[in-house]
Each structure stands twice: as structure tokens, then as C-alpha cells.
Amino acid sequence: MRTIDLHTLTGAYALHALDDEDRAAFEHHLRDCPSCAQEVRELAATAVRLGIAAATPPPPALKDEVMRRIAAVRQEPPPTAAPARSAVRRAGAARLPRWALAACLAAAAALGGTTVWQYDRARDARAEASRAEQRTQRIAEVVAAPDARTRTEALGGGARATVVVSQSRDEAVFAASGLAEPPSGKVYQLWFDDGGTMRPAGLMDPARGSGAVLMEGRVGDAAGMGVTVEPAGGSERPTSAPLALVEFPV
Amino acid sequence: MREAVHIGREPSPRPDLDELMTLVAQGDQDAFAALYDALAGSVLGVARGVLRDRAQSEEVAQEVLVEVWRTAARYRADRGTAVNWVLTLAHRRAVDRVRSVEAAAARDHRAALLDRTTAHDEVTEQVEVRLEHEQVRRCLRTLTEVQHQSVTLAYYRGLTYREVAELLSVPLGTVKTRLRDGLIRLRDCLGVTA
């Protein structure tokens with residue numbers, strides 16, 4: 001795309017209306033175009049006004065749930081080396097992000113974490129990079145948590161599943177190696193096992209090459225997790241026998 | 001078009017939100033509760049527009065608000081207001097969700113598009129009726145029809161510009177420029193600075 005075309009993308013970019021490829025190209029351009037960056041800031045602030053105007057009263061239960069959750073979620077430390085602002089924060093939390101990234105990669109290597117399955121859509125690496133970085137960051141935080149516990153189970157056919165659980169973060173990471181690509185029109189869905197009741201915990205996205213995924217939702221009282229094959233888009237409840245059931249390590 | 005009764009309520013922003021965010025970054029739950037009261041309605045409104053589904057939009061709103069708590073230390077007052085930070089995140093997450101759901105479902109692209117957007121003129125009408133801010137409504141009306149529809153479909157429904165072009169049957173380049181000049185006109189009408 002020519003530079004002149006790229007400049008007209010400020011509006012679409014501010015509205016999150018670019019697909020990954022265009023977004024990557026535009027962000028690359030943005031680095032060398034201060035006037036574009038200024039325009040993006042202004043147009044993004046304009047878009048926010050559209051958001052404020054669309055406010056709708058949230059149900060009271062939402063606040064209860066959010067307040068309950070934040071009480072159990074540890075906050076990230078400031079991104080740069082700043083003086084410790086909270087005495088509560090444990091020393092271990094300050095080592096992110098670079099240390100944690102290394103730890104995560106090391107853990108992935110130790111688990112034999114090769115690419116989970118082949119995906120045929122070659123995606124622009126740059127487009128995926130920033131989002132992948134965020135995912136990697138959160139995964140790294142779980143893996144590097146001081147109380148992270150790991151369990152690996154063989155799934156048969158040479159495939160292996162590994163879960164890493166951090167009680168303090170109330171989050172879990174799932175990684176698989178050697179899993180076959182799901183049948184056409186199917187996806188692998190993750191579940192938390194709440195004493196025999198399966199609670200949806202997200203889909204494994206074959207278009208995302210990472211072998212590790214952060215399970216969606218809180219660990220809560222779940223005693224383990226499972227993986228099933230579900231119709232594309234996932235299901236409310238498992239519709240097939242689990243491919244794997246892994247007890248959370250204690 | 002039906003004229004909505006304007007309720008004289010200012011959902012936000014209040015000037016002290018940036019300070020609240022600083023307290024939130026230090027782990028102050030009371031400050032977070034105040035931030036929640038100021039912004040949760042807008043976060044939910046953004047998610048509801050893009051996702052349509054009540055349960056999903058509440059789920060995304062909840063995720064966004066917890067993420068605000070978790071990553072509050074990343075907020076930089078010199079790069080923009082707390083409101084901008086939170087609502088930009090909310091829109092991004094809602095859009096990510098709707099696009100990942102579509103990708104995972106591998107639904108027919110066109111069907112997905114039409115499913116998400118009733119007739120586009122209906123969408124723009126619904127949106128306008130819902131808007132609480134007279135000023136935003138008034139400024140939206142100063143846009144040309146294509147600007148108005150493009151901006152509305154992209155922001156309130158989370159469509160990509162390619163999808164907008166497809167839905168409105170106008171060339172890609174036209175949508176790109178309409179999104180930009182439409183937003184510029186809105187910016188000037190609303191007096192937004194950044």
C-alpha cells in the first residue's frame with residue numbers, strides 16, 4: 001500500500017476497523033509519521049465520545065462480580081523500573097516482563113512445546129506480533145507466578161497436555177503438543193471442571209500458532225480441566241466425551 | 001426518525017478520573033469502585049453495540065474492567081485521559097471478541113455480516129435513538145450519509161472497513177476516506193483535542 005493510502009487509514013485505525021494485515025502496515029507507517037500519530041490520537045478521542053454517548057446502565061450484579069474479581073486479581077507492576085508503590089506486592093512480581101518471557105519460553109521448551117498443530121493460513125507475522133505479545137505476556141505471568149504449579153498428562157497418540165495453574169492469579173494456562181488438527185468444522189474447547197460440571201474456558205484457536213493458551217475465566221474452585229472437540233464456535237456444555245481430563249496440581 | 005427524549009444525565013467524564021486511575025494503579029479498591037461507577041455504563045454500551053448479545057457484552061465488559069484494574073499501572077496520563085484509555089480498550093476487546101467468534105465459527109462471511117447488522121439504516125437509527133448526548137447526536141447529523149453510516153457501522157457495530165464497503169456497496173477507498181473525514185468532522189464539531 002502506498003504511503004498516501006496509508007495516511008487515509010487514520011480514521012479506520014482509530015475505529016479499530018482495520019484487519020490485521022492493514023493494521024500492521026499502518027502501525028509500521030505510524031512510527032515514522034508524527035502527524036499521523038497526532039491525528040490518530042485525536043480521532044481515537046473522538047471515537048471515545050461516541051462510546052460515552054452510548055452508555056447503558058449496567059446490572060447491579062456486574063459491579064458485585066467485578067469488585068469480587070479484582071479483590072482476587074494481582075495487579076501488574078509499573079512497566080518501567082519505578083519505586084515500589086505497594087508494600088503488599090511480592091518481590092517476585094517486579095521481575096516481569098523480560099524475565100517472565102524467558103521463563104515462559106524455557107517452560108515451553110521444557111514441555112516439548114512445539115507448534116500444537118499446523119495452520120494453513122499464513123498470516124503476516126507483524127500483524128500478529130503485538131497481540132501475540134500481549135497473550136504471551138499474560139501467559140508468562142501465570143507461568144512465572146511464584147505459586148505456579150504444573151501437571152503434564154499423556155493424551156495418547158503421542159500427544160501431551162500440560163496445565164499450569166496459579167492460585168494467586170486465579171488463572172490457568174493450557175498447552176498441548178502433538179495434538180492433531182481438529183476435524184473440519186470442529187474446534188478444541190477447554191473447560192474448567194467444577195466438581196464434575198464443565199464450565200467453558202475458551203477455544204483453542206488453530207490460527208494462533210502458540211502452543212499455550214490462557215484459559216478464559218477464573219480458576220475458582222475448579223479441581224481440573226478438560227478438552228473436548230466441539231462444533232465450530234464452541235458449545236455451552238460439552239457435546240462429546242473429553243479428549244483429556246487433567247486434575248489441577250496442588 | 002423517532003426523536004429520543006434526552007435525559008440530562010452526564011454519564012462521564014469527570015475531571016478526577018485521571019487521579020482515580022493513579023490510585024487504582026496503587027491497589028486502591030475504593031478508587032476503582034468510583035472509576036467503575038463513572039465508566040461501567042459506557043464500557044457496557046460499547047460492548048453491547050458491537051456484540052449485541054446481552055450475556056456476551058456483560059462478559060466482555062467484566063473482562064475489560066478487570067483488565068483495567070490489573071493493568072492500571074500501564075496507564076499514562078501524558079498520553080491521554082483515563083476515559084480514553086478505558087473506552088478504547090473496551091472497544092478493542094469487543095471487536096476482538098466479535099472477530100474471534102466469527103473466525104472460530106468460520107461462518108459464511110456474508111451471513112455473519114448480515115447477522116450482525118440488520119439493515120444499516122436501521123442500525124444508524126437505533127444508534128441515534130440510544131445516544132444520551134445531544135451534542136454527539138447533533139454532530140453525527142452534520143455528516144454526509146456515507147460518512148455517517150461508515151462511522152456508525154465501524155464504531156458501534158465493530159465492522160472492518162472492508163465489511164463496511166461490502167455492506168454499503170461502495171468502493172474500499174471511499175470508505176477509508178469517509179471514515180477519516182467523517183471522524184475529522186465529528187472531532188471539529190465536538191471540539192475534541194488530544
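Laboratory data are not the source of any read-out in this text; all were calculated from the coordinates shown. If you're wondering where the values come from, they're calculated on a predicted model, not measured in any experiment. Reconstructed Cβ throughout: ideal geometry from the backbone, glycine too, with neighbour counts over all protein chains shown.
Here are the numbers:
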{"item": "Inter-site label distance for A:LYS186 and A:GLN38 at 7 Å from Cα along Cβ, in nm", "result": "5.7 nm"}
{"item": "B:ASP37 paired with B:ASP53, simple spin-label distance in nm, labels 7 Å along Cα-to-beta-carbon", "result": "3.3 nm"}
{"item": "Cα lying deepest toward the dipole's positive end in region A:146-250, options A:THR150, A:GLY196, A:PRO238, charges on Cβ", "result": "A:THR150"}
